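Here the structure is laid out as C-alpha cells; the discussion comes afterwards.
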Amino acid sequence: MGRLECEEAIAEAFGSGRVGSEPPLRLVVVVFDGAPLGSMSFAYGVFDAASYFDVLPGLSQYVVGGEPGAAIVGGGLSMTVPYDLAAIHSADLVIVPTLPQPTAEEPPEPVLEALRVAHARGARLASVCNGSFILAAAGLLDGRPATTHWSVAARLAELHPKVLVDETVLYIDDGDVLTAGGAAAGLDLGLHIIRTIAGAEVANRLARALIIPPHRPGGQAQYIESPMPELDTADPVAETMAWARTRLHEAVPVDALAARAHMSRRNYDRRFREITGSAPGTWLTHQRVIRAQELLESGDLPVDEVARQCGFSTAAALRPHFRRHVGVTPMAYRRTFAHRG
C-alpha cells in the first residue's frame, strides 16, 4: 500500500468518529531557545494528528516562544518560533514541553506571568518531561501533585519544595494543571486529554492510527514493563497466558496455569517472571483491570456486573485493584471515559 492509499484508508476509518458538537480548542505550545525538535512530536503530535484526521473540529495550534528569539533545533535544523506570548492569553490549553536544560536560573518573568494569567482565566496547563520546571517556577504547582522525568525529579523537589513531586507515574491530571513524566508520556497525556474532550472511542481510533497504546493509565509506573508482551505460543507458559486472557471472567488459580503448562509451581513462577517481569497473580489482576476498563468505556453494565465479568466477586472487590492500577475508582473512570453517543 502506497502512502496516499494508507492515508486515505486511515482517514476513512475516522469518517464516523468526528465529534462536531465539541467546541473549538485553541492549543498553545510554549518552547524555549534550543528546544529539541524530537521532543516536539511528543508534546503535541497527538493533537496534530487529531487535526489532520479532523477528529477535533476547530482545533488551532500555535507554537509560542517563551523568550525572545526562541528557536527549535535538531537534526541540523534550526527553526525560529513564529508566535509570541500574546497567543497564550486566549489559549484553552497550554503545553510546556521538554526544556533544553532545566537549571536553577529563573525563567523569564513575562512567560511566567502569561501562564499565571492564562490559568486564572480558566485555561488548562500541561507540561511534558522537565517542562514542569516552568509551571513550578510560575507557582502553578505549589501544593499540587506533579510529575516529571524520574532523572530530574529530585532537582524539581529541591528547587520547588512546595510541589508534591511523584516521579513514579506516567502523568498526573490534577484538573486544570496536568504534568507528564518522560517525553513519550506526553503522548499518553495527549490521548488522555483528547479522551476527556471527545470520548474514549475517538481517542482509541487515534491511538490505532498512530500505532501507540490506546490508554496507559496515568498512575502506571514510568518504567514498567509492558503488561502484555509479544508471546511465543510454542512456550508453554506463554500459551497459558493467552489461554488465561480468554477466561478473565473465571477465578483461574495460578496452580491451574502451572498444571496446564505441565510445570511445577516454582518453575512456572520463575519462567513467568522471565517473560513478564511480574508474578503470575499480579499479571492476572492487571489483565482483569484492563478488561474492566474496556467494559466501563464501551458499555452500560452495572459496575457489579463488570466486576463479575472480570473475575471479581463484587464491585467492592474490584475497586482497590482498579484504583491501584488506574488511579481512580471504576465509577470515576466511567464518568470520564465512557463512550459518548
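The values are calculated or read from the model by the stated rules, or taken from the named source; none is laboratory data. Predicted model, so just to flag it, every value in this text is computed and none were measured. Using ideal geometry, Cβ is built from the backbone for each residue, glycine included, and neighbour counts are taken over all protein chains shown.
Below, the figures for the structure above:
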quantity: Cβ pairs under 7 Å, 6+ apart, first in segment 24-37 and acidic (Asp, Glu), second surrounded by fewer than 18 Cβ atoms within 10 Å (Cβ to Cβ) and not in a loop (DSSP other than H, G, I, E, B); calculated: ASP33/ALA71
quantity: Residue in segment 271-301 that is modelled with the lowest pLDDT, counting only those that are assigned to a loop (DSSP other than H, G, I, E, B) and farther than 24 Å from ALA203 by Cβ; calculated: GLY277
quantity: Checklist (1) hydrophobic (A, V, I, L, M, F, W, C); (2) assigned to a loop (DSSP other than H, G, I, E, B); (3) surrounded by 13 or more Cβ atoms within 10 Å (Cβ to Cβ); (4) at pLDDT 85 or above applied to LEU231, failing item; calculated: (4)
quantity: Considering residues of segment 39-72 that are free of Cβ contacts under 8 Å to residues at least 40 places away in the same chain and among the small types (Gly, Ala, Ser) only, the residue surrounded by the fewest Cβ atoms within 10 Å (Cβ to Cβ); calculated: GLY69
quantity: So ARG334, is it under 29 Å from VAL169 (Cβ atoms), modelled with pLDDT of 90 or more and surrounded by 16 or more Cβ atoms within 10 Å (Cβ to Cβ); calculated: no
quantity: Every residue from segment 90-138 that is under 14 Å from LEU27 (Cβ atoms), surrounded by fewer than 18 Cβ atoms within 10 Å (Cβ to Cβ) and without any contact (Cβ under 8 Å) to a residue 60 or more places away in the chain; calculated: none
quantity: Among residues of segment 89-109, those that are of a type in the set (D, E, K, R) and modelled with pLDDT under 90, counted; calculated: 2
quantity: Filtered residues of segment 119-150 (kept if hydrophobic (A, V, I, L, M, F, W, C) and either assigned to a helix (DSSP H, G or I) or not assigned by TED's automatic domain parsing to the domain that holds PRO107 (or both)); calculated: ALA120, CYS129, PHE133, ILE134, LEU135, ALA136, ALA137, TRP150
quantity: Strands (runs of 3 or more DSSP E) lying entirely in segment 44-117 (those with 1 or more residues that are among the β-branched types (Val, Ile, Thr) and within 26 Å of the chain's Cα centre (by Cα)); calculated: 60-65, 71-74, 93-96
quantity: Subset of segment 302-322 (residues that are touching a helix residue (DSSP H, G or I) at 6+ places or on another chain (Cβ under 6 Å) and assigned to a helix (DSSP H, G or I)); calculated: VAL303, ASP304, VAL306, ALA307, ALA315, LEU318, HIS321, PHE322
quantity: Subset of segment 141-163 (residues that are touching a residue at least 24 places away in the same chain (Cβ under 8 Å), over 19 Å from the mean Cα position of the chain (by Cα) and surrounded by fewer than 22 Cβ atoms within 10 Å (Cβ to Cβ)); calculated: VAL152, ARG155, LEU159, HIS160
